[in-house]
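Structure first, then comments.
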Amino acid sequence: MEQTREYLSRYLELEEILALPVNFKNPLQDFKEVEAYADVNEAALQLRKKWNLGDDPISNIVELLEDKHIKVVPLDADMGFDGLQTTVNKTIPVIAYNSRKIVKPDRIRFTLLHELGHLLLQFGPSLTNKQVETLCHQFAGAMLLPEKAIIRELGQHRTRLYMQELGHIKTQYGISMQAVVMRAKVCGIINDHYAKQFFFIMNNNGWKVDEPVDYNGEEKSNRFDQLLLRALAEEQISMSKAAALKNQKLADFKRDFLMAF
């Protein structure tokens, strides 16, 4: 958490220098308490609608969240956790992920949206922690691959799926092949027996961690750097202050940003 606080402190100082408002409002604050898959599916549809995403693939989750005033922080932490979410000063939402453990872009995307579920949704008090985690997984899947989209790709009902199909969907929507199969299961496209067979095959082939098809999208935002250069260009900060906000030595900052001048 110390890394999160340190990075966030620099980010918020930069926004304050530029007099940028902090205007985050939970777009799902009036949504009902979540109890089951149907609820998270509906919540994902509402959020996509409010954020004008349609049912198309989302190219960059980090950039999307930052544009919606949710800070995203990669943490170099031990292997004990995937991600976390919190709200600073009761106004600034933050999602962090473990960059040592969560490396592949499709996993980063899924982890961030899982934590977004924790951040935005209100869960029924009778749910166990395991049930809440499952619902956040399902929310992430529904955000990455809406029901209309997966039915468009696979059809209403299937008795068999080919790896090539799953790989195509993965590269198009930035969602793991395993998560696609879980989406197909909860959407009623395949049955539980076929899903179990699929995961048995994935485990036997060593594909649970390294799937046979990679997603090569990029998950990062340039918003901080853009704001930093804006403040520097408008002479609201000095070169040394810019380097300090970037957490770099002055010489390193000049080398990295020399083309901006």
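For every residue, the table says whether it meets (1) closer than 30 Å to SER126 by Cα; (2) within 16 Å of the chain's Cα centre (by Cα).
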position	(1), (2)
LEU18	no, no
GLN29	yes, no
VAL34	yes, no
GLU42	yes, no
ARG48	yes, yes
ASN60	no, yes
GLU66	no, yes
HIS69	no, yes
LEU84	yes, yes
Taking the stretch 180-189 as the search range and keeping residues that are touching a residue at least 24 places away in the same chain (Cβ under 8 Å) and either touching a His at 6+ places or on another chain (Cβ under 8 Å) or basic (Lys, Arg) (or both), which one is nearest to ASN205 (Cα to Cα)?
-> MET182
If you scan the stretch 18-48, which residues turn out to be of a type in the set (Phe, Trp, Tyr) and not in a helix (DSSP H, G or I)?
-> PHE24, PHE31
All positions within the stretch 49-80 that are at negative phi, part of a loop (DSSP other than H, G, I, E, B) and surrounded by fewer than 14 Cβ atoms within 10 Å (Cβ to Cβ) = ASP56, SER59, ASP76, ASP78, MET79, GLY80
For ALA43, indicate whether it is within 26 Å of VAL103 (Cα to Cα) and either at pLDDT below 95 or buried (at least 17 other Cβ atoms within 10 Å of the Cβ) (or both).
-> no
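The values are calculated or read from the model by the stated rules, or taken from the named source; none is laboratory data. Computed from a predicted model, the values in this text were never measured in an experiment. Every residue, glycine as well, gets a Cβ built from its backbone with ideal geometry; the counts of neighbours run over all protein chains shown.
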